[in-house]
1. In what order do Ile70, Ile85 fall by count of nearby beta-carbon atoms within 10 Å, going from fewest to most?
2. Non-local amide H neighbours of Ala142 (under 5 Å, H modeled in plane, Pro and chain starts lacking H): which ones?
3. I want to check the label-to-label distance for Leu19 and Met52. Put each point 7 Å from Cα in the C-beta direction and report it in nm to one decimal.
4. With both partners inside the chain, how many of the DSSP beta bridges are antiparallel, as a percent to the nearest 5?
5. Taking the highest mean first, how do the peptides 2-10, 105-113, 119-127 order by number of other beta carbon atoms within 10 angstrom per residue?
6. In Å and on Cα atoms, what radius of gyration and Dmax does the stretch 30-143 show?
7. Among Ile116, Leu43, Leu143, whose Cα sits farthest toward the positive end of the charge dipole of the chain (+1 at Cβ of Lys/Arg, -1 at Cβ of Asp/Glu, about the Cα centre)?
8. Got the relative contact order for the chain handy, in percent, Cα pairs under 8 Å and 6 or more residues apart?
Amino acid sequence: MNKVYPSKKDIFIFIIICLIVSLASSIKAAMESRTLLSWLITLLIVMGWMAMFLLLFPVKYIIDGDNLLICCGFQRKRISISQIIYVRRSHNLLASPALSVDRLEIVFKEKNTDSILISPRNRIDFVEDLKAINPDIDISKAL
C-alpha cells in the first residue's frame, strides 16, 4: 500500500528564489565585460532558473511498506522506516526537498546517523503513519 503526501508549499520559499534570481540578473545586467565574474553570475542566474523549474516538479513523500521514498524533481531518496530514530519539527532553512519552512527533521540510522528535512502537507497524519509502521520512533517533538 502506497500513501502519498505532497509537500506543503510556502510563498516564502518562492519569494526567496525569485529575489536571488532577480539580484543575480541585476548584477549581470550592470556588468558589461565578459570576465570570469560575469560568467559566474550567469551560472548563478541559470541555477536560479533551474531551481524555479524544479519547483514545478512535484515534491512528494511516499510511504511504501517499510520505506519512505522522498521525491523532489529528478532526485529520489529511500529511507527504511525501521531505521528512523526520531521525527521533530524544524524551521531550518537549509536546502532540502521541502517547499515550506514548516518542516520535519527525520533522523535515521544508515551507516551513520543522518537527517533530512521534509514538509509534508498533512504533517500529523504523516507522522502517525510512520509511527504505526515503526512504534520505536520518537515523535514527541513532531506534533
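1. On the way: Ile70 20, Ile85 15.
With the fewest neighbours first, Ile70, Ile85 line up as Ile85, Ile70.
2. Counting only residues 5 or more places away or on other chains, the set is Arg89.
3. 1.6
4. Numbers: 30 of 33 bridges.
If we restrict to bridges inside the chain, about 90 percent are antiparallel.
5. Working: 2-10: 15.6, 105-113: 13.7, 119-127: 18.0.
In descending order of packing, they fall as 119-127, 2-10, 105-113.
6. 17.7, 61
7. Projecting each Cα onto the dipole axis, the largest value belongs to Leu43.
8. The normalised contact order for the chain reaches 25 percent.
Taken together, the values in this text are just the output of simple stated rules run on the coordinates, not laboratory data. Bear in mind the structure is a predicted one, so any value in this text is a computation, not a measurement. With ideal geometry, Cβ positions are generated from the backbone for all residues, glycine too; neighbour counts draw on all protein chains shown.
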